[in-house]
Amino acid sequence: ETTSEKHGFQAEIQQLLDLVVHSLYTDREIFLRELVSNASDAMEKLRHIEATEKDVHDPGLPLEVTITADKEAGTLTIEDHGIGMTREELVENLGTIAHSGTKAFLQAMKDSGGSPADMIGQFGVGFYSAFMVADEVKVYTRSWRQDGEGLVWTSDGRTGYEIEPAEGVARGSKIVLKLKDDQREYAEDYRVKHLVETYSNFVGFPVMVDGKRVNEVEALWLKNKSEISEEEYKAFYQFQAKAFDEPQYRLHFAADAPIAINALLFVPSENIERMGMSKLDPGVALYCKKVLIDPEPKGLLPEWLRFMKGVIDSADLPLNISRESMQDSALVRKIGQVIVKRIIKMFDKEATGDPEKWQAFYKKFDRFFKEGIATDFANKEALAKLLRFESSMTEAGKLTRFADYLTRAKDGQDTIYYIVGSNRDQIEASPYLEGFRKRGLEVIYFTDAVDEYVVDSLGEFEGKKLVSVAKAGVELEDAELEGESLSEEETKALCEFLKAEFGDRVTKVEAGKRLVDSPVVALTPEDAMTPQMRAMMKAMDE
Ligand code: ADP
Ligand code: MG
């Protein structure tokens, strides 16, 4: 294969390019962050391949990012000696949507109307930001594989690209940007240096501009807490998570036993799954002594924690652990268990320490915690403490928790009562609450579509059973009632009459103590699925 090939961009890529190219002038500078971050990714991958003892082409090349600005020619070049790309990889990585988050990105742009620069990195479409400043991009590349060939990918970022063989290409990638006439400021060294300092300070490889190293190469997570400023933490979060928001919570700790762990973890303030992103990949990277093992390790943390960002570094991991064997590793599992416990403890502390902040956060991220209760058996009880909800004893919009419910419970009350409904008004207009209110019993309002499933998974809280007030079989004590009531005979006759009227549509008609103002209420048999649950199962089937 030494031929040159012309390819058209897929339709989505073209839409993406359109958006990117027409984005705000002030946003454009982020292209450099994206290209440096790609170079760094490619070198992290190379380091890992070398650690797993595969033979790489040209093993002696230095692992650094070299940026060269040519003012005369109006070009900017970003070079790395990372893994490089084969012909197939060029097509797949830089020409199709299969690899990148293009679709999700376009959707999120449509939904939020945000600025592309804020989202580009998060959706894995960073490479195309080069076309914000360049009217031609060339990617000279050679794969780490021994049978690789020197190639050059060329595009004007409009309709398509061309791939040709190229002479004298070293392992890795060299991106050459031919800057647009009005973007020539990026061919100035001082401008480029400033951008690297601003956006790429934490890249784990030297970034060289004009032959001099610009960034500080340091692993923040290995440093002592007391040596790190708030600003540095925030900058590291934004760098690592490719985010623009402020981290909401942070967990930084070192442990030696039972496993050596250094962890620096962040909780974002925005839940981007709610912004059109279908499902996040794991966001906490796994390192061993500063060498990246896996940027998105599956099976390290439970899936419900996929919104977490940051770094876990364990010196106890074998450096040559592969991503495939990682998932079966008992050590990795153990690390995950230790970290999850710490994270939940951190949340609990934060939630108790600043309830207002927690509630605001919880309203955006509640689904993750609920998913955790339903899927993470070992941690469901600890997670239940984090749940917040309204109840018959809260004001509308104010949230409470199980622990507070229990302090308000009646002496000897061994159940926690709840009701599932679509909203507070609908619940309060229903007859189900009457008997409970009358007796001063608090009823929790679960109004999220997944809540019933969550309560079913939970079953109880601190030994108190969770009981739906819409189910039959709830025993209530006698209450003082005013007015007349039917005699026993009359009641029996009425029940028989109703049973005959309803026939097979009901299993039983009986007199009970839970109504005060309403004459009848329909209940779900104790062992049967509720209407809400049935509707949900039906929806899931479709
Ligand atoms: P992301 O980095 O989030 O995957 P990008 O649009 O930035 O998305 O890059 C797309 C893909 O192109 C990368 O995943 C990678 O496979 C490939 N790529 C980009 N730059 C390089 C590089 N310098 N070396 C090797 N591969 C690269
Ligand atoms: Mg990228």
A careful count of residues in the range 135-156 that are more than 16 Å from ligand 2 (Cβ to nearest atom) and closer than 17 Å to Lys178 by Cα gives 8
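Wholly within the range 446-542, which helices (runs of 4 or more DSSP H) include no fewer than the required count, namely at least 3 residues that are out of contact with any strand residue (DSSP E or B) (no Cβ under 7 Å at 6 or more places or on another chain), modelled with pLDDT of 85 or more and loosely packed, with under 11 Cβ neighbours inside 10 Å?
Values: elements: 451-458, 488-502, 531-541.
Filter on the range 446-542 gives 488-502.
Mind listing just one residue for me: the one in the range 191-232 that is among the hydroxyl-bearing types (Ser, Thr, Tyr) and out of contact with any Phe, Trp or Tyr (no Cβ under 8 Å at 6 or more places or on another chain) and, of those, farthest from Leu264 (Cα to Cα)?
The initial filter retains those residues of the range 191-232 that are among the hydroxyl-bearing types (Ser, Thr, Tyr), namely 198-200, 226, 229.
If we keep only those that are out of contact with any Phe, Trp or Tyr (no Cβ under 8 Å at 6 or more places or on another chain) too, we end up with 198, 226, 229.
Working: Thr198: 21, Ser226: 14, Ser229: 14 Å.
Among residues in the range 191-232 that are among the hydroxyl-bearing types (Ser, Thr, Tyr) and out of contact with any Phe, Trp or Tyr (no Cβ under 8 Å at 6 or more places or on another chain), the one farthest from Leu264 (Cα to Cα) is Thr198.
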Against the definition (closer than 13 Å to Ala69 by Cα and among the hydroxyl-bearing types (Ser, Thr, Tyr)), how does Tyr161 come out, yes or no? no
Neighbours by Cβ (under 6 Å, 6+ apart or cross-chain): first from the range 38-54, without any contact (Cβ under 8 Å) to a residue 12 or more places away in the chain; second of a type outside the set (Ser, Thr, Tyr) and near ligand 1 (Cβ under 9 Å from one of its atoms): none
Matching residues in the range 251-270 (more than 17 Å from Pro282 (Cα to Cα) and either assigned to a loop (DSSP other than H, G, I, E, B) or without any contact (Cβ under 8 Å) to a residue 60 or more places away in the chain (or both)) number 8
In the range 283-324, which residue that is assigned to a loop (DSSP other than H, G, I, E, B) and of a type in the set (Asp, Glu) is nearest to Glu246 (Cα to Cα)? Glu296
Among the residues of the range 34-50, write down those that are in contact with a helix residue (DSSP H, G or I) (Cβ under 9 Å, 6 or more places away or on another chain) and more than 10 Å from ligand 1 (Cβ to nearest atom). His48
Within the range 146-161, residues modelled with pLDDT under 95 and within 14 Å of ligand 1 (Cβ to nearest atom) come out as Gly148, Gly157
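Condition check ((1) touching a His at 6+ places or on another chain (Cβ under 7 Å); (2) β-branched (Val, Ile, Thr); (3) in contact (Cβ under 8 Å) with a residue 24 or more places away in the chain; (4) in a loop (DSSP other than H, G, I, E, B)) across all residues:
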position	(1), (2), (3), (4)
Glu164	no, no, yes, no
Ala170	yes, no, yes, yes
Leu177	no, no, yes, no
Arg184	no, no, yes, no
Tyr190	no, no, no, no
Val203	no, yes, yes, yes
Condition met for Val267 (crowded, with 17+ Cβ neighbours inside 10 Å and more than 30 Å from Met346 (Cα to Cα)): no
Show the residue pairs that are 6+ apart or on different chains and have beta-carbon atoms under 6 Å apart, the first residue being within the range 453-475 and closer than 15 Å to Leu515 by Cα, the second being in a loop (DSSP other than H, G, I, E, B) and charged (D, E, K, R). Lys471/Glu526; Ala472/Glu526; Gly473/Glu526
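Output yes when any residue across the range 136-144 is closer than 22 Å to Thr66 by Cβ, touching a residue at least 60 places away in the same chain (Cβ under 8 Å) and either away from ligand 1 (no atom under 15 Å from the Cβ) or within 33 Å of the chain's Cα centre (by Cα) (or both), and no when none is. Steps first, please.
Narrowing the range 136-144 to residues closer than 22 Å to Thr66 by Cβ: 136-144.
Right, trim to touching a residue at least 60 places away in the same chain (Cβ under 8 Å) and you get 142-144.
If we keep only those that are either away from ligand 1 (no atom under 15 Å from the Cβ) or within 33 Å of the chain's Cα centre (by Cα) (or both) as well, we get 143-144.
Yes: one or more hits.
The values are calculated or read from the model by the stated rules, or taken from the named source; none is laboratory data. What you see is a predicted model; the values in this text were computed from it and never measured. Please note: Cβ atoms are built from the backbone with ideal geometry, for glycine as well, and neighbour counts cover all protein chains shown.
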